[in-house]
1. Which one of B:L154, B:L179, B:L190 is modelled with pLDDT under 90 and out of contact with any Gly (no Cβ under 9 Å at 6 or more places or on another chain)?
2. Looking only at segment A:127-148, count how many residues are more than 11 Å from chain B (Cβ to nearest Cβ) and under 27 Å from the mean Cα position of the chain (by Cα).
3. Quick one: which residue in B:T184, B:T235, B:T215 is among the hydroxyl-bearing types (S, T, Y) and under 30 Å from B:P99 (Cα atoms)?
4. One residue is enough: does segment C:11-20 have a residue meeting the conditions outside any helix (DSSP H, G or I), surrounded by fewer than 24 Cβ atoms within 10 Å (Cβ to Cβ) and on the phi > 0 side of the Ramachandran plot?
5. With respect to B:A134, determine if the residue is facing another protein chain (nearest Cβ under 9 Å) and either among the aliphatic types (A, V, I, L, M) or touching a residue at least 60 places away in the same chain (Cβ under 8 Å) (or both).
6. Could you check segment A:185-207 and list, in sequence order, the residues that are at pLDDT below 90 and in a helix (DSSP H, G or I)?
7. Looking only at strands (runs of 3 or more DSSP E) that lie completely in segment A:1-105, which have at least 1 residues being in contact (Cβ under 8 Å) with a residue 40 or more places away in the chain and either in contact with a helix residue (DSSP H, G or I) (Cβ under 9 Å, 6 or more places away or on another chain) or assigned by TED's automatic domain parsing to the domain that holds A:V242 (or both)?
Amino acid sequence: MNDMTHDGYVTEDGRQIGGVMMEMKNITLRFGGVVAIKDISFDIREGEIRAIIGPNGAGKSSMLNVISGFYTPSEGEVWYQGATRPMMKPYEIARQGVARTFQNIALFEGMTVLDNVMTGRLTKMKSGLLSQAMWWGKAQAEEIVNREQVEKVIDFLEIQNIRKTPVGRLPYGLKKRVELARALAAEPKLLLLDEPMAGMNVEEKEDMSRFILDVNDEFGTTIALIEHDMGVVMDLSDRVVVMDYGKKIGDGTPEEVRNNQDVIDAYLGVAH
Amino acid sequence: MLYRTAGQFKTSYKKDQALFPVRQDATLLALILGLAWIVFPFMASEFAFQTLLIPVLVYSLAALGLNILTGFAGQLSLGTGAFMGVGAYACYKMITIFPEMNLIVAVLLSGFFSSIVGVAFGLPSLRIKGFYLAIATLAAQFFLVWMFEKVGWLYNYSNTGAIQVPNIDMFGVAVAGPLASSVTKYYFVLFIVTVVTVVMINLTRGTQGRIWKATRDMDIAAELIGINLLKSKLTAFAVSSYVVGVSGALFVFLWRGAAEPNLFDISLSFRVLFIAIIGGLGSIMGNFLGAILIVALPVVLNILPELFGIEIASATVEHLNIMIIGSLIIFFLIIEPHGLARLWALIREKLIIWPFPH
Amino acid sequence: MEFLSKIFVDPFVDMVAYPDFFLQVLWEGLVSGILYSLIALGFVLIFRSSRIFNFAQGIMVVFAALTLVGLHEMGVPAWVSVALTLVVMFGLAFTIERVVLRPLVGQPDIILFMATIGITLFLIGFGELIFGGETKVMITEQLGIPTGRMRLDVFDGYISLEEKDLTAVAAAGTLVVGLLIFLNKTRMGRAIRALGDDHQAALSVGISLQTIWVLVWFVAGIIALVTGIAWGARANVSFALEIIAYKALPVLMLGGLESISGAIIGGLAIGLLEKLFELYWGQPLLGGNTETWFAYVLALIVLLFRPQGLFGEKIIERV
């Protein structure tokens, strides 16, 4: 990592990566007697695409849940935007600009695509119950302003034609895209993607990769993703953390990780 | 050819978010409102007011309240009857303590009392989920009805233990009690039901509605996108119990005229639940369709055999009625779990593209 | 102070001062507790094998009792009526599987739950249509159940035991033991238990899901009949009994929806506690009739501390 300075670095394709946005400091996570994550530290820098990879059961999902605040680490600290993150309820973390997608799609099946994406903006909507009940002034204006934002995301992800379709009726690949739309609608500072390509065919994977790159490029959103598919990760990400059995065994650019002997042994060695 | 969306383009999000983006829907609604506000009152007999029109409205409102909680926010309740009771007793106490009180004000205020009780019994909903939560509402159901029986203050220590609606005037017209005419009562109920329904439509189509539905569909995901689940659930309990309480006040003051504690027992809770299920959970209009079906069914069953000259004992009719409602519930769950409202939506989709489906 | 003493001291003083009365109360509570357990047991079986929260379990009790008495009133000998009622319960299980469960496979839990509410209503209407809506008397003597009283001398007084209650306890105990043997020792029983854990694995035993469901509902029907006879002998047979059936719900919540031992212990606990509360606190302090709500409030309070019930397994949330 020669080209990396304290304040950031420039990627091969010339993007400027900023300072540290989030730092995991000696994170350990236990469930009863089971250690899911053992003493892991790494950082996520502003504007980069950061991947966490590892074989099954390596603790990737647990790590993402720690980042998203769904799990509180047993030991260690999470630094976010220059300060230790205090104990927070999951819904409070969402209000700090962290949005995510889920490995097993967690959309609201009974609602339309449009309504699902609109839920992404709930943290921005402030009108009271009474105002909503009357559908006057503030509530209505707010609905329209946010609708405009949501329509931008819908355009961006090319799902205009299904916006009034109930999510339950959509095929898998589209659901994944709607989920991304919901996360994007929140205008997150940090976007977490939990196996965004899982279960997709090659074409859908390509689409999804393009969207991820575009999001990073157009909105400058910092992205942390966990993924199984090595090839995709290497093409997408700026830096990669490799986990195995709850421990960190590698960290660096895709190139560095690819040449790391531990990683080759633990993961690439058995990759097909 | 009547039902077409072709040529109706939306040029702003505001128009797209209008209540009835399709012109024909607005026409249909105008027609229904016209019937309810103008035609029915002139046509209806005393019998029709008492056995059809007023009960349909009251039950629709109760089911609408339950639907907010169960259909929109996904929290099962088996205690609707008791919450109706809270509204009724609250209204009764207000009217007897302040006899000069305007009945509209009293009815609308009585909802707040059941709202408070509803929130109290809704508090466990953060820890207790799904079927387990049904126990909290059952506890409310049995405990509250027991209170109605044991706390003499609630029924002003009357010998019968029942509450009796006194004569109540508004602007010189008798609106409730033995002297009030059915037409007046009907208009009173219709007014309240219309207002509350409009407010509920507004609440469920915007931000709050999405918060509730997100809580219902997947609570963990909802929390991670920034929804405070406790607040969402308690708001649902509060709003739902409010509407249920108002319907309870109407139930006694403008329909039954008197009430004993066991009027609010669990069978009332179930009747309201059936209306919500048959009408469609998560729908506003469904409550009205469901109420029409449940209220009209026994009436029709009573009249039909007569038309054909067959004599059936009234007990038999009642048994048949229960059987049919049970079968209908199963039937609807199998062919369309989302009830009458979804059936209508499907018909509407078909109509829009009829007769050229491609 | 006097008020506090009425709540916290006097009841216990009474219990010690009049131990025979205390024992009598315990016995009464035990008997109703056992019947609650039985209803809950039928419920747990169905839940474990099909994830259905069977609201109709309580009404099946009434329906079974009503069919039994109704058949006898039509002139069928008592024991033949029992056999015929079993046939009816099997037919019911078969019909429910065909008409209700099969078309609803894979639907959300709440839909299936509501379908069982539909079944409940249908059974009420159907039962009353055929056998009439009026209250009936259980054919206790015709079935050879003793109806005398036994006097048991304890301490300085005595407690009085109804022989039919003793019979009920014995029958319930036998049924539970028989059921446990069936579930643990037979292939079919093991398949039912396995179903609660893993559908695929259970199917690999080689018994079709449909067969298991019919069987489970039939077993629930048998339990319902026994409960119906026992309860009918104590009260009368009418659909007012359904209010007792609702008691199975707090029992289940207390015991955990999937635990067989939880259902039994939960039932006994609620039977005992609600009787004790009613006689030592409810009647002297609250104007009585607290049995209508005590079980629910108790279950609610327990659930607040253990949301999965006393015997349920802790739920770990995942995303």
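The values are calculated or read from the model by the stated rules, or taken from the named source; none is laboratory data. As the structure is a prediction and not an experimental result, all values here were calculated from the model. Neighbour counts are summed over all protein chains in view; Cβ atoms, including those assigned to glycine, are modelled from backbone coordinates with ideal geometry.
1. On the way: B:L154 fails: modelled with pLDDT under 90; B:L190 fails: modelled with pLDDT under 90.
Sole residue among the options that is modelled with pLDDT under 90 and out of contact with any Gly (no Cβ under 9 Å at 6 or more places or on another chain): B:L179.
2. Residues meeting the conditions: 0.
3. Step by step, each of B:T184, B:T235, B:T215 is checked, and only B:T184 is among the hydroxyl-bearing types (S, T, Y) and under 30 Å from B:P99 (Cα atoms).
4. No; the residues of segment C:11-20 include none that is outside any helix (DSSP H, G or I), surrounded by fewer than 24 Cβ atoms within 10 Å (Cβ to Cβ) and on the phi > 0 side of the Ramachandran plot.
5. Here the answer is yes, as B:A134 does meet what is asked.
6. A:V202, A:E203, A:E204, A:K205, A:E206, A:D207
7. It comes to A:20-31, A:34-45, A:49-53, A:75-80, A:98-100.
Condition check ((1) surrounded by 23 or more Cβ atoms within 10 Å (Cβ to Cβ); (2) not in a loop (DSSP other than H, G, I, E, B)) across all residues:
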| position | (1), (2) |
| --- | --- |
| B:L52 | no, yes |
| B:A62 | yes, yes |
| B:G65 | yes, yes |
| B:S77 | yes, no |
| B:C91 | yes, yes |
| B:I116 | no, yes |
| B:V119 | no, yes |
